[in-house]
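Novice: Before anything else, here's the structure in question.
The values are calculated or read from the model by the stated rules, or taken from the named source; none is laboratory data. Just so we're clear, the structure is a prediction, and the values are computed from it rather than from any experiment. Heads up, the Cβs are rebuilt from the backbone with ideal geometry, glycines too, and the neighbour counts pull from every protein chain shown.
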Amino acid sequence: MGQSLHQVYGHLVFSTKDRKNLITAEIETELYRYISGIIKSLNSQVIVINGMPDHIHIITRASKSVTDIKFMQEVKGSSSKWMSAKVADFKWQTGYGWFSVSPKDLDSAVTYVKNQKEHHKTKSFQDELRTILTAYKIPFDEKYLWD
């Protein structure tokens, strides 16, 4: 094949440190715009970004030129520094979730992320993450899941 073709969608999930409610309604739009700029600078595309005061979800089309680890270091590191200038003691949790999304499932993943605020009226972040991990058959130890 004469060219390299690449299409990988990811559903990214990460929380504030200790799940503190630091992403207020007043700052979330600006934060999401800032994160979208970081992702664009990594030659990737934000499909949708949304969340709650203690965590965010991003559906992205990832670049073929940036590793997942580098991507997350840039997104979390740069946005944490930016947020720290606006919110005292802001930090993201150490880990993150990066879950693959098939193109055929992209619309339902986007809808899921768009409906976060409605979804979390009945389900906690912890229960949500457990459900995702179970659906993806990812083994986890609760002792290391929450920081």
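Novice: Go through the range 54-83 and count every residue that is part of a helix (DSSP H, G or I) and either out of contact with any helix residue (DSSP H, G or I) (no Cβ under 6 Å at 6 or more places or on another chain) or surrounded by fewer than 19 Cβ atoms within 10 Å (Cβ to Cβ) (or both).
Specialist: So the answer is 14.
Novice: If you don't mind, there's one more thing I want to ask. Quick one: which of A25, A62 is touching a Gly at 6+ places or on another chain (Cβ under 9 Å) and small (G, A, S)? Talk me through it step by step, then tell me what you get.
Specialist: On the way: A25 fails: touching a Gly at 6+ places or on another chain (Cβ under 9 Å).
Going through A25, A62 in turn, just one is touching a Gly at 6+ places or on another chain (Cβ under 9 Å) and small (G, A, S): A62.
Novice: Next question. For V66, which of the numbered conditions (1) of a type in the set (V, I, T); (2) in contact (Cβ under 8 Å) with a residue 40 or more places away in the chain; (3) more than 22 Å from E128 (Cα to Cα) fails to hold?
Specialist: Only one criterion in (1) of a type in the set (V, I, T); (2) in contact (Cβ under 8 Å) with a residue 40 or more places away in the chain; (3) more than 22 Å from E128 (Cα to Cα) is unmet by V66, namely (2).
Novice: With the requirement that a residue be surrounded by 12 or more Cβ atoms within 10 Å (Cβ to Cβ) and under 17 Å from W98 (Cα atoms), what does the range 117-146 give you?
Specialist: F125, Q126, E128, L129, R130, I132, L133, F140, L145, W146
Novice: How many residues are assigned to a loop (DSSP other than H, G, I, E, B) and under 22 Å from I132 (Cβ atoms) when one looks only at the range 23-34? Lay out the reasoning, then the answer.
Specialist: The initial filter retains those residues of the range 23-34 that are assigned to a loop (DSSP other than H, G, I, E, B), namely 23-24.
Imposing the further condition that a residue be under 22 Å from I132 (Cβ atoms) reduces the set to 23.
The total comes to 1.
Novice: What residue, of G10, G2, G37, G51, is outside any helix (DSSP H, G or I) and without any contact (Cβ under 8 Å) to a residue 12 or more places away in the chain?
Specialist: Numbers: G10 fails: without any contact (Cβ under 8 Å) to a residue 12 or more places away in the chain; G37 fails: outside any helix (DSSP H, G or I); G51 fails: without any contact (Cβ under 8 Å) to a residue 12 or more places away in the chain.
That would be G2, the only listed residue that is outside any helix (DSSP H, G or I) and without any contact (Cβ under 8 Å) to a residue 12 or more places away in the chain.
Novice: Could you list, in sequence order, the residues of the range 109-123 that are of a type outside the set (K, R), modelled with pLDDT of 90 or more and either within 14 Å of H55 (Cβ to Cβ) or not in a helix (DSSP H, G or I) (or both)? Let's see the steps before the verdict.
Specialist: Of the range 109-123, the ones of a type outside the set (K, R) are 109-113, 115-116, 118-120, 122.
If we keep only those that are modelled with pLDDT of 90 or more as well, we get 109-113, 115-116, 118, 120, 122.
Answer for the range 109-123, where residues must be of a type outside the set (K, R), modelled with pLDDT of 90 or more and either within 14 Å of H55 (Cβ to Cβ) or not in a helix (DSSP H, G or I) (or both): Y112, V113, N115, Q116, H120, T122.
Novice: Output the residues belonging to the range 84-103 that are surrounded by fewer than 14 Cβ atoms within 10 Å (Cβ to Cβ), of a type in the set (G, A, S) and either in contact (Cβ under 8 Å) with a residue 40 or more places away in the chain or part of a loop (DSSP other than H, G, I, E, B) (or both).
Specialist: Within the range 84-103, A85, A88, S100, S102 qualify.
Novice: Looking at (1) in contact (Cβ under 8 Å) with a residue 60 or more places away in the chain; (2) not in a helix (DSSP H, G or I), find the lone condition where L106 falls short.
Specialist: For L106, the exception is condition (2).
Novice: Can you name every residue in the range 125-147 that is at pLDDT below 90, in a loop (DSSP other than H, G, I, E, B) and either within 13 Å of the chain's Cα centre (by Cα) or not hydrophobic (A, V, I, L, M, F, W, C) (or both)?
Specialist: Selection gives D141, D147.
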